[in-house]
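For reference, the structure is listed below as structure tokens.
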Amino acid sequence: MVTPVIGRSNLQIIGDHYAASARADIAAMMADVADDVRWTEMAGFPCAGVWVGPQAVADNVFAVLGRAWQDYRFELDRLIDGNDEIVGVGTYIGIYRATGKPMLARATHVWTLRDAKIVAFEQFTDTLLVARAM
């Protein structure tokens with residue numbers, strides 16, 4: 001289990017999440033996620049839906065993406081600090097295993113934090129670009 005670092009700003013918490021994602025460290029990615037997090041993957045995305053709780057997110061988002069995509073990643077370009085809401089802007093990259101087709105799609109993530117915990121996540125991306133790879 002990863003122990004969260006006390007005293008980090010919300011911006012640092014989300015920055016740490018993205019750094020853990022780049023290392024494929026699921027435990028560190030979920031370290032600051034609230035037990036009742038509401039994680040929204042956009043309609044039309046392979047993991048579309050609202051997932052509640054860290055285990056549901058790990059099972060229905062990260063595990064699914066890891067199985068279906070080769071070299072799947074989100075490359076963060078910038079973070080926008082809105083205090084309790086942080087916005088991450090970047091690009092999804094990967095190759096869909098079933099078709100061998102590459103995907104490159106810009107994406108925005110909106111994070112909501114309360115008491116140094118991630119309580120909500122919402123994803124926005126061009127799902128047509130994802131679907132073309134699939």
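Tabulated data for the structure shown
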read-out	value
(i) 120; (ii) 91; (iii) 105, with the label sought being that of the calculated volume of the Cα convex hull per residue in Å³	(ii)
The chain, accessible area per residue, ligands and nucleic acids excluded (1.4 Å, Å²)	53
Heavy-atom accessible surface of the stretch 9-51: percent carbon and sulfur, 1.4 Å	54
Contact order relative to length of the chain, as percent, for alpha carbon pairs under 8 angstrom and 6 or more apart	23
Neighbourhood charge, 12 Å Cβ-Cβ cut-off, centred on ALA56 and excluding it, Lys, Arg +1 and Asp, Glu -1	-3
The chain - mean residue ellipticity at 222 nm from DSSP helices (-39,500 (n - 2.57) per run, n ≥ 4, rounded to 500)	-6500 deg cm²/dmol
Accessible-area composition of the stretch 63-102, carbon plus sulfur, in percent [1.4 Å probe]	47
Residue with peak Gaussian network fluctuation, the chain [Cα springs, cutoff 10 Å], from ALA43, ALA116, ALA31	ALA43
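The values are calculated or read from the model by the stated rules, or taken from the named source; none is laboratory data. Since this is a predicted model, take the numbers as computed values, not measurements. Using ideal geometry, Cβ is built from the backbone for each residue, glycine included, and neighbour counts are taken over all protein chains shown. Side chains included, ligands, DNA and RNA excluded: accessible areas come from the protein's heavy atoms. Shrake-Rupley method; radii C 1.70, N 1.55, O 1.52, S 1.80 Å.
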